[in-house]
1. Only one residue in GLU92, GLU132, GLU180 is touching a strand residue (DSSP E or B) at 6+ places or on another chain (Cβ under 8 Å) and of a type in the set (D, E, K, R), so which one is that?
2. Can you name every residue in segment 86-119 that is closer than 19 Å to ILE20 by Cα and of a type in the set (Gly, Ala, Ser)?
3. Please go through segment 139-178 and pick out each residue that is in a helix (DSSP H, G or I) and buried (at least 22 other Cβ atoms within 10 Å of the Cβ).
4. Show the residue pairs that are 6+ apart or on different chains and have beta-carbon atoms under 7 Å apart, the first residue being within segment 75-95 and within 17 Å of GLY160 (Cβ to Cβ), the second being of a type in the set (Val, Ile, Thr) and not in a helix (DSSP H, G or I).
5. Could you run through segment 116-138 and say how many residues are closer than 22 Å to ALA88 by Cβ and either polar (S, T, N, Q) or assigned to a loop (DSSP other than H, G, I, E, B) (or both)?
6. Would segment 169-186 turn up any residue that is under 21 Å from ALA81 (Cα atoms) and of a type in the set (Gly, Ala, Ser)?
Amino acid sequence: MNQTDEKKVAIMLADGCEEIEALTVVDLLTRAGIPRTTVTINKEREVISSHHVPILADALIDDTDLSGYDMIVLPGGIPGAPNLAANARLREALKAFAAQGKMIAAICAAPAILADLGLLAGKSATCNPSVEHSLIDGGAILSGRPVTVDGSIITSQAMGTAIPFGLAIVEHYLGRAAAEDLRARILYDCAGEH
């Protein structure tokens, strides 16, 4: 499919990431024609997922200007999410995105990264139940929904909600009709989940 516009999405990867959460977003954005780059915080492009699946990232964070992107996506996974949280360059980019009202999407344990940075205070959000305490401590309002969109932040619960999470990102860029068309093309039925 042809790329739709100049919007660009950076999908962040770290060792221990949940591969379904990362690669489902890659797949859906590709099908929708939305330009996306997988960017690793590692010093080399190979990333080993939480289930020991090797993934070859497109780029290294040290060689990437994240300010040129329109959205940052954070997959979860343990220790993937904590590994992402430990990267100072990524933390600074997330704070800058939030300050500028640029889009951030996080799934599973990754919304805790946003909460710990103070980016979810007063916002409706969702996450894996194992990290709900972090969101509460960060002042988030737990929605309990599979996917939650509040302003410039999209959050989701876990690997099982990766498709609606990816579709919410597509909807942000291309609108509901395009997301529904993609949902139908992949034979996925979870209408009304966000």
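1. None of the other options fit; the residue is GLU132.
2. Scanning segment 86-119 gives ALA105, ALA106, ALA109, ALA110, ALA112.
3. THR161, ALA162, ILE163, PRO164, PHE165, GLY166, LEU167, ALA168, ILE169, VAL170, GLU171
4. PRO75/ILE107; GLY76/ILE107
5. Qualifying residue count for the region: 7.
6. no
Each row is one residue, and each column tells you yes or no for (1) under 16 Å from ALA168 (Cβ atoms); (2) crowded, with 20+ Cβ neighbours inside 10 Å.
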position: ASP15; (1), (2): no, no
position: GLU18; (1), (2): no, yes
position: THR24; (1), (2): yes, yes
position: LEU29; (1), (2): yes, yes
position: THR37; (1), (2): no, no
position: VAL53; (1), (2): no, no
position: ASP62; (1), (2): no, no
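One line per residue, one yes/no per condition, for (1) more than 24 Å from VAL149 (Cα to Cα); (2) among the hydrophobic types (A, V, I, L, M, F, W, C); (3) modelled with pLDDT under 95; (4) in a strand (DSSP E or B):
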| site | (1), (2), (3), (4) |
| --- | --- |
| ASN2 | yes, no, yes, no |
| ILE11 | no, yes, no, yes |
| GLU21 | no, no, no, no |
| THR24 | no, no, no, no |
| ARG31 | no, no, no, no |
| VAL39 | no, yes, no, yes |
| GLY77 | no, no, no, no |
| LYS95 | no, no, no, no |
| ILE104 | no, yes, no, yes |
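The values are calculated or read from the model by the stated rules, or taken from the named source; none is laboratory data. Computed from a prediction, not measured in an experiment: that's the story for all the values here. Backbone-built Cβ (ideal geometry, glycine too); neighbour counts: all protein chains shown.
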